[in-house]
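Inspection log for the structure reproduced underneath, given as structure tokens.
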Amino acid sequence: MMKTNTSKGAIAALCFFCTMFALTMTAQDKLFTLEDLNFGGTNYHNLRPKNMFLTWWGDQLMYIDAEEGGTIDAKGNKKALFHLSDLGSDWHSAMNARYPYADKPVVLLRNSKERVLYDFKKKTIVWRQETSAKEGAQDWNKQSKALAFKRDYQMYVRDVEGHEHQLSTDGSREIVYGEAVHRNEFGINEGTFWSPDGQRLAFYRMDQSMVTDYPQVNIDPRVAEYEPDKYPMAGMTSHKVTVGVYDLQTGKTVYLKTRTPAFDYFTNIAWSPDSKTIYMQELTRNQQDCRLVSYDAATGELLAELYAESSNKYVEPLHPIVFLPWDSNKFVMQSQRDGYNHLYLFDLTTQKGKAHLTPTQITSGSWVVLDVLGFNEKNKTIVIASNEKHPLQRNLYAVDLKTGKRTPLDNGEGVHRGMLSASGTALYDKYSSPTTPNTIDLIQLSGRKPQVANLLQAPDPWEGYVVPQYESGSIKAADGVTDLYYRMVKPADFDPAKKYPTIVYVYGGPHAHNVEASWHWYSRSWETYMAQKGYVLFILDNRGSENRGRDFEQATYRQLGQIEMQDQMKGVEFLRTLPYVDMTRLGVHGWSFGGFMTISLMTNYPDVFKVGVAGGPVIDWKWYEVMYGERYMGTPESNPEGYAKTSLISKAGQLKGKLQIIIGYNDPTVVPQHALSFLKACAEAGTQPDFFAYPGEGHNMMGHNSVHLHERITQYFEDYLK
């Protein structure tokens with residue numbers, strides 16, 4: 001149901017405001033438990049929207065089930081092509097099924113012992129390769145059928161015939177091969193990169209012997225054991241990364257001759273279509289100077305510096321370049337150089353001795369390209385996801401590479417995530433909206449207009465339950481200009497004449513958002529649980545969060561938490577205008593950066609927030625890791641005022657309300673030193689926070705411990721806020 005709110009600070013005309021109607025409670029309506037709502041709960045899987053697991057065999061859409069796989073047509077008709085029982089008793093799941101060859105009737109399957117190619121027409125295994133669950137970071141190439149993996153810290157390649165080639169001998173916890181480096185910043189999620197022809201493997205080598213050990217402890221043995229993490233804190237010595245290239249034909253490895261120490265971070269590794277050249281984005285440690293550089297894969301020699309981008313704040317490369325399938329001399333790069341993440345086309349034939357290539361901008365506007373799904377070779381278009389239609393939406397477009405013209409591919413609503421077929425002439429589109437749990441469409445892109453066939457319209461899995469009301473709107477940021485979007489969750493039997501305890505849930509940090517136009521406005525399950533208990537929940541995406549452009553994100557530079565608090569307090573001002581919000585019972589909760597924000601708000605505005613729960617909180621950025629910390633804060637030496645202003649140690653004496661701090665006792669991301677140091681400062685200042693730790697857990701509680709965690713968070717608000 002669409003609704004416009006004309007009260008002060010409400011959503012502008014361009015933003016939609018939606019409220020789901022409250023269900024009238026009857027004797028049949030069921031109440032949620034955390035076992036229903038939390039991902040670690042025993043009934044969670046039954047209350048998720050119905051889904052389908054899909055992939056492509058060339059341009060043929062395929063379904064994947066637990067014990068079989070096969071084709072699915074535009075009407076949703078399924079035809080099984082193989083069953084696990086065809087392969088024998090050692091096969092227990094088909095959920096990893098993939099179809100690597102568009103022109104061959106084979107499926108790739110893997111269990112704990114082997115990887116096989118199964119011909120589903122001949123009903124026989126046509127190729128098999130030994131593997132093991134103990135072989136970490138496995139990366140298989142469909143062209144050479146070679147497998148890159150690690151065993152006992154060493155890097156190996158197992159070729160098509162099963163022969164092993166050992167690439168390293170000095171691997172250890174200090175010399176790390178084939179894993180994501182730079183603590184997974186800069187879009188790095190993997191450590192090995194096969195060439196298109198499968199004959200060369202690029203891989204990371206990380207020397208972290210010079211990095212300090214953080215003293216984690218394993219309490220499970222009879223006598224607790226020392227199990228340290230390598231943790232480079234802001235301003236301290238970081239690890240050294242190099243990039244090796246192994247050649248299957250020669251059996252030799254060369255290392256790229258990078259320009260260290262001028263450039264410290266090596267990211268977004270990509271290969272040329274002919275497998276002869278490696279492209280990489282290189283970044284200085286202060287993250288203000290980024291270069292796109294090419295290397296000869298055979299010799300490791302630097303070939304050219306193709307592009308440079310600099311900033312007086314930071315440049316953050318997150319995506320490797322992508323070559324056009326029909327032109328090996330042209331590639332697309334993503335950049336925020338004009339203030340928003342957009343696409344740029346580069347032509348290698350135009351360099352001819354010039355210092356750098358001059359890109360042609362493909363997309364432009366005050367919106368963000370969120371993802372590149374791939375190319376439609378027939379239409380010569382690139383398929384993207386963007387929030388052009390609305391900052392809270394994610395829609396799919398085909399972009400003409402010559403004209404930049406964008407053709408919408410979906411229904412123009414909600415949040416869409418798709419996967420292209422091999423040629424890009426079809427895609428499946430999974431989407432939800434505030435009132436739509438999950439819909440899957442098959443979209444044909446070969447004609448003038450997209451042809452859409454619906455495969456799934458998921459029913460509401462919460463039918464029969466007492467469901468809260470979910471709303472979204474906007475207010476102005478502390479600058480008085482910028483729109484900030486919020487979500488509000490109210491009890492199902494909400495009565496505007498009553499007063500409700502209200503909890504501000506906050507994250508607020510980079511590379512995350514809390515509000516979008518997906519089901520229930522992207523609401524977290526815990527919010528539903530708390531609304532059921534009689535609370536109002538308020539969630540606001542402040543400046544510094546993602547998908548709103550460079551200046552929106554960089555407003556917090558060198559002063560994390562300050563602009564964010566100003567915006568969150570504008571949210572509090574908005575709450576004051578709502579007669580049903582009991583401002584004497586205002587709480588705040590968040591995790592990680594949200595934990596930092598929770599304690600920041602509790603100590604900077606001690607008379608506003610009565611109760612807070614801070615999970616895994618950063619307390620002082622000098623204890624956080626190099627790459628993230630220095631990007632946003634600089635070093636403690638270069639920005640002493642910023643570090644002093646944002647530190648919560650000096651704020652310990654300002655705590656008035658009830659505050660519970662919860663951590664994973666073996667957190668490798670926000671190390672326990674943060675929380676423990678704040679507790680020490682509170683003891684010295686005479687303030688009284690509460691504290692709980694989960695031994696053996698990391699930054700987030702896993703499995704059923706997550707249910708226990710949310711029970712604890714809930715009870716704290718029940719005890720002190722309600």
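Which value, in Å², gives the accessible area per residue of the stretch 186-278 when a 1.4 Å probe is used on the protein heavy atoms?
45
In degrees from 0 to 90, rounded to the nearest 10, what is the angle of the helix 562-576 Cα long axis to the longest principal axis of the chain?
Approximately 50 degrees, to the nearest 10.
So how do ASP620, ASP460, ASP103, ASP483 rank on accessible area, 1.4 Å probe, biggest first, that is with the largest at the start?
So the residues, ranked largest to smallest area, are ASP103, ASP460, ASP483, ASP620.
How long are the semi-axes of the ellipsoid equivalent to the stretch 604-645, from square roots of 5 times the Cα gyration tensor eigenvalues, in whole Å, largest first?
Listed largest to smallest, the semi-axes of the stretch 604-645 are 25, 14, 7 Å.
Quick check: from the Cα gyration tensor, does the stretch 336-491 come out rounded (a/c under 1.5), prolate or oblate?
oblate
Quick check: the angle from helix 593-604's long axis to the longest principal axis of the chain, C-alpha only, nearest 10 degrees?
Helix 593-604 and the main axis of the chain meet at about 30 degrees.
Can you give the three extents of the C-alpha atoms in the chain along their principal axes, from longest to shortest, in whole Å?
Per principal axis, max minus min of the Cα coordinates gives 73, 60, 60 Å.
Which pairs, out of LYS75/LYS405; LYS50/LYS79; LYS490/LYS610; LYS78/LYS142; LYS352/LYS380; LYS533/LYS610, put more than 23 Å between their alpha-carbon atoms?
Correct reply: LYS75/LYS405; LYS78/LYS142; LYS352/LYS380.
Tally Lys/Arg at +1 and Asp/Glu at -1 over every other residue whose Cβ is under 14 Å from the Cβ of ALA497; what's the total?
Local net charge: 0.
Roughly how big is the stretch 346-419's charge dipole about its Cα centre, with Cβ charges of +1 (Lys, Arg) and -1 (Asp, Glu), in debye to the nearest 20?
On the way: 10 positive and 7 negative charges, 50 e Å.
About 240 debye.
Starting from the coordinates of the alpha-carbon atoms of the stretch 349-408, obtain the Kirkwood hydrodynamic radius over all distinct pairs and give the value in Å to one decimal.
Numbers: mean 1/r = 0.0778 Å⁻¹.
Radius from the Kirkwood sum: 12.8 Å.
Leaving out ligands and nucleic acids, and using a 1.4 Å probe, what accessible area per residue does the stretch 356-398 come to in Å²?
That works out to 36 Å² per residue.
Which value in Å is the Kirkwood Rh of the stretch 520-581 over different Cα pairs?
For the stretch 520-581, the Kirkwood estimate is 13.5 Å.
What order, most packed first, do the peptides 675-685, 653-663, 597-607 have when packing is the mean number of other Cβ atoms within 10 Å of each residue?
597-607, 653-663, 675-685
What part of the accessible area of the chain, given as a whole %, is carbon or sulfur when the probe is 1.4 angstrom?
C and S atoms contribute 48 percent here.
Counting only the heavy atoms of the protein chains, how much of ARG337 is accessible to a 1.4 Å probe, in Å² to the nearest 10?
110
Net charge near THR242, counting Lys/Arg +1 and Asp/Glu -1 over other residues with Cβ under 13 Å of its Cβ?
Net charge around THR242: 0.
With a 1.4 Å probe and all protein chains left in place, how much accessible area per residue does the stretch 552-595 have, in Å²?
29
Please label the shape of the stretch 593-722 as rounded, prolate or oblate, based on the square roots a ≥ b ≥ c of the eigenvalues of the alpha-carbon gyration tensor (a/c under 1.5 means rounded; beyond that, a/b larger than b/c means prolate, else oblate).
oblate
Just to confirm a number: summing +1 for Lys and Arg and -1 for Asp and Glu over residues other than LYS150 whose beta-carbon lies under 14 angstrom from that of LYS150, what do you get?
Once all neighbours under 14 Å are counted, the net charge is -2.
If you keep only loop residues by DSSP, which chymotrypsin sites (Phe, Trp or Tyr not before Pro) in the stretch 290-344 have at most 11 other Cβ atoms within 10 Å of their Cβ? Before the final figure, lay out the partial values.
Details: sites: TYR295, TYR307, TYR314, PHE323, TRP326, PHE331, TYR340, TYR344; in loops: TYR314, TRP326, TYR340.
When the chymotrypsin sites (Phe, Trp or Tyr not before Pro) of the stretch 290-344 are filtered for loop state and at most 11 Cβ neighbours within 10 Å, TRP326 remain.
Mind pulling up the Rg/Rh value for the stretch 491-632? Radius of gyration and Kirkwood radius, both on Cα.
Rg divided by Rh gives 0.98.
Heavy-atom accessible area of ARG110 with all protein chains present, probe 1.4 Å, nearest 10 Å²?
Approximately 110 Å² for this residue.
Before anything else, pin down the relative contact order of the stretch 203-280: Cα pairs under 8 Å, at least 6 apart, normalised by residue count, whole percent.
Over the stretch 203-280, the number comes to 24 percent.
May I ask for the equivalent-ellipsoid semi-axes of the stretch 242-324, computed as the square root of five times each C-alpha gyration tensor eigenvalue and listed largest first in whole Å?
24, 14, 9
Please work out the ratio of the alpha-carbon Rg of the stretch 187-283 to 2.2 N^0.38 Å and round it to two decimals. Write down the numbers at each step before the final one.
Working: Rg = 17.5 Å, N = 97, 2.2 N^0.38 = 12.5 Å.
In units of the globular-protein estimate, the stretch 187-283 measures up at 1.40.
The values are calculated or read from the model by the stated rules, or taken from the named source; none is laboratory data. Nothing here was measured: the structure is a model prediction, and the numbers come from that model. Note that we place each Cβ from the backbone using ideal geometry, even for glycine, and neighbour counts take in every protein chain shown. These accessible areas exclude ligands, DNA and RNA; they are computed on the full protein's heavy atoms, side chains included. Shrake-Rupley method; radii C 1.70, N 1.55, O 1.52, S 1.80 Å.
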